[in-house]
1. Using r as the Cβ-Cβ distance of Ala64 and Ile97, and R0 as 25 Å, what FRET efficiency do you calculate, to the nearest 0.05?
2. Contour minus end-to-end for Gln52 and Arg87, with contour as 0.36 nm per residue of separation and end-to-end as the Cα-Cα distance?
3. Going down the table (Lys59/Lys110; Lys45/Lys72; Lys73/Lys113), which pairs top 23 Å between alpha carbons?
4. Provide the gained length on full extension for the span Thr116 to Lys45, in nm with one decimal, where the gain is 0.36 nm per separating residue minus the Cα-Cα distance.
Amino acid sequence: MKPRFLTSALAVLLLLFAAGCAATSGQAVAPSAAGHTKAVEQDPKLRITTQQLMDLFAKEYGDAPLIEETLKKNTSFLLIDTRPPVRFNEGTIPGSINIPTPRFAQDIPKLPKDRTLIFYCGGPT
């Protein structure tokens, strides 16, 4: 692996483990604008591991530097960071877009239908 890709890969891993979601299974959940209060259980078959994400990056980008020009060529998957904008602006996985939870319903129809969509909020859980 080239040093630049390795550095980017380590940055991605650090970002994935640096922050967690506000709510996880088993914790109390504040009511949403729609009045929902129950956390939805995750289907383990729909989870993606950090290694699987790194494999997607390697398959899509090879050892190319993760710069804007390279990231714009991605046609197979889209990373969606669901954290609040202030957290997104502090740092995110290269190439991801920000759709925080309050904007989810209005923005989801705008997402591409020809790519795998990977949602994350800061960690593998």
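Readers should treat all values here as calculations from the given coordinates under stated rules, not as data from a laboratory. Quick caveat, the model's predicted, so the values are computed rather than measured. Here Cβ is always computed from backbone atoms with ideal geometry, including for glycine, and neighbour counts include all displayed protein chains.
1. Efficiency at R0 = 25 Å is approximately 0.80.
2. Using 0.36 nm per residue and subtracting the Cα-Cα distance, I get 10.2 nm.
3. Lys59/Lys110; Lys45/Lys72
4. Value of the extension gain: 24.1 nm.
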